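Okay, structure first, notes after.
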Amino acid sequence: MTTARKILSNQAFDDPQALLEAFKARDQRAIAEVYRQHVKGITRLVQRVLGPDNERDDLVQEAFMCAIEGAAGFRGDASNFGAWLNQIAVMRVRQRIRKRRLRRWLSFREPEAMPERVSSVGQPAERLALSRAYHILGQLNADDRIVFGLRFIDRQSIPEIAELCKISCATVKRRLTHADARFRLLAGKDMILRDWLVGEVEL
């Protein structure tokens, strides 16, 4: 039995660092516990960036598989382990968006499958507008779409987005400006969305 597994056996899941070390050692109980602790957050992040999507759960699973495979190379500690998992999820979403753009293919679910933050929207007009908004987001490039989703849907700060995407705050702002302008241009041509557009928003 490895040291990490001994620690986990003795202290259960009370010690985050012990849990991390056991996860890196691929202890099955630790893997299950990390999944339990983080799956909702990862799923929410993927939903809000990618939108309603039939492959959401697959992407979440891929993110965790990448984390398991790459855990040995993680040099942080328990305090930034969650951020590292989120970075992996964002990376997987970026790869999926780019792959789809190459194929000129988009996939959407019915309005009932809207992301958590907006699933309570009940008026048909609002639900239709939301569906159209995600359709337009699907036309943005991967980098712009990710920062747009993280900022305006997930409500993350500029520094948080910079950390997740491993870019500077200046780059985040530049991509947000470009994404916002592109979204407004396309939404302004949409019969449903053009009446929903508001004035300039604070980046």
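The values are calculated or read from the model by the stated rules, or taken from the named source; none is laboratory data. Small disclaimer: the values here were computed from a predicted structure and weren't measured. Cβ coordinates were reconstructed from backbone atoms using ideal geometry, including for glycine residues, and neighbour counts include every protein chain displayed.
Key figures for this structure:
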| read-out | value |
| --- | --- |
| Total residues in region 171-187, condition surrounded by fewer than 18 Cβ atoms within 10 Å (Cβ to Cβ), within 19 Å of the chain's Cα centre (by Cα) and of a type in the set (Lys, Arg) | 1 |
| Cross-chain or 6+ apart pairs with Cβ under 8 Å, region 55-80 first and over 28 Å from residue 99 (Cα atoms), then polar (S, T, N, Q) | 77/17; 78/17 |
| Residues located in region 48-91, provided they are more than 20 Å from residue 141 (Cβ to Cβ), among the polar types (S, T, N, Q) and surrounded by 12 or more Cβ atoms within 10 Å (Cβ to Cβ) | 61, 80, 86 |
| Condition broken by residue 166, with the remaining ones in (1) closer than 18 Å to residue 98 by Cα; (2) surrounded by 12 or more Cβ atoms within 10 Å (Cβ to Cβ) satisfied | (2) |
| Among the candidates 171, 177, residue that is in contact with a Cys (Cβ under 9 Å, 6 or more places away or on another chain), within 28 Å of residue 86 (Cα to Cα) and modelled with pLDDT of 90 or more | 171 |
| Subset tally (residues that are part of a helix (DSSP H, G or I) and more than 17 Å from residue 88 (Cα to Cα)) for region 143-158 | 6 |
| Residue 130 being surrounded by 19 or more Cβ atoms within 10 Å (Cβ to Cβ) and assigned to a helix (DSSP H, G or I) | yes |
